[in-house]
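The values are calculated or read from the model by the stated rules, or taken from the named source; none is laboratory data. As the structure is a computational prediction, the values presented were derived from the model and not from experiment. Every residue, glycine as well, gets a Cβ built from its backbone with ideal geometry; the counts of neighbours run over all protein chains shown. Areas reflect the complete protein model, heavy atoms only, side chains present, ligands, DNA and RNA absent. Shrake-Rupley method; radii C 1.70, N 1.55, O 1.52, S 1.80 Å.
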Amino acid sequence: MMLVYGDLRSGNCYKVKLTLKLLGIPHDWQHVDVLAGECQQASFLAINPNAKIPALVLDDGRVLCESNAIIWYLANEGALVPTSAFAKAKMFEWMFFEQYSHEPYIAVARFIKHYQGLPPARRAEFASLQAGGNKALTLMEHQLSLSPYLVGASLSLADIALFAYTHVADEGGFDLSRYPNIQAWCERISAQPLFYPMPMNE
């Protein structure tokens, strides 16, 4: 059975767990406390020398890292992947957007505010992240005014990738009430069969 190393407080790890649950894939989960620095321990560095979670270990011992690569592997051209070449490319467009234009603002702001308690030394940085995060949310809001999901009428990996940090963006100081289409989209994803909520006390 495949084994995932991760911390469900991390949106990047949660998106892997959500994909596994939505697809009904059996797996084992090994909690790695990222806040306690367990990613830096020699036992984990032997799995991922980059010292980052999540990490997926397959039955044959092969290791796959980077959250969006992992969920792509898990989906395996199935129901969460569009069939047309263009729609599939749009899915990847949103997944790249998540890592480069969304996560660096929303996830970092969330970490500073929710987990570090907004320390004085990081308040200027936190404030600077708000514009980039709201720009990303505005772009998502526009797309979701045109279609129920980010790539048309069906749930895809693009939605899972962006849902992970978006649905807890308020923990980073972002006001989701400004984005009614995003709120409705979050509700649609949460209503999916086999949906798995982000545990609040992991």
Set 98, 93: member being closer than 10 Å to residue 158 by Cα and open to solvent by less than 50 Å² (accessible area, probe 1.4 Å): 98
Boolean, residue 176 is open to solvent by 30 Å² or more (accessible area, probe 1.4 Å), of a type in the set (A, V, I, L, M) and at pLDDT 95 or above: no
Sole exception among (1) within 19 Å of residue 195 (Cβ to Cβ); (2) touching a helix residue (DSSP H, G or I) at 6+ places or on another chain (Cβ under 8 Å); (3) free of Cβ contacts under 8 Å to residues at least 40 places away in the same chain for residue 75, by number: (3)
Verdict on residue 61 being modelled with pLDDT under 95 and surrounded by fewer than 21 Cβ atoms within 10 Å (Cβ to Cβ): no
Positions within region 22-57 being in a helix (DSSP H, G or I) and of a type in the set (D, E, K, R), in sequence order: 38
Some residue of region 91-100 being assigned to a helix (DSSP H, G or I), aliphatic (A, V, I, L, M), modelled with pLDDT of 95 or more and closer than 22 Å to residue 22 by Cα: yes
Conditions (1) in contact with a Lys or Arg (Cβ under 8 Å, 6 or more places away or on another chain); (2) modelled with pLDDT of 95 or more; (3) of a type outside the set (Val, Ile, Thr); (4) open to solvent by 70 Å² or more (accessible area, probe 1.4 Å); number of the one not met by residue 50: (1)
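Determine whether residue 136 is farther than 26 Å from residue 8 by Cβ, of a type outside the set (S, T, N, Q) and either in contact with a Ser or Thr (Cβ under 8 Å, 6 or more places away or on another chain) or modelled with pLDDT under 95 (or both). Break it down into steps so the answer makes sense when it comes.
Working: farther than 26 Å from residue 8 by Cβ: no; of a type outside the set (S, T, N, Q): yes; either in contact with a Ser or Thr (Cβ under 8 Å, 6 or more places away or on another chain) or modelled with pLDDT under 95 (or both): yes.
No; evaluated as a whole, the condition is false for this residue.
Do we have any residue at all in region 68-90 that's assigned to a helix (DSSP H, G or I) and of a type in the set (Asp, Glu)?
no
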Checklist (1) under 17 Å from residue 90 (Cβ atoms); (2) free of Cβ contacts under 8 Å to residues at least 12 places away in the same chain; (3) charged (D, E, K, R) applied to residue 159, failing item: (2)
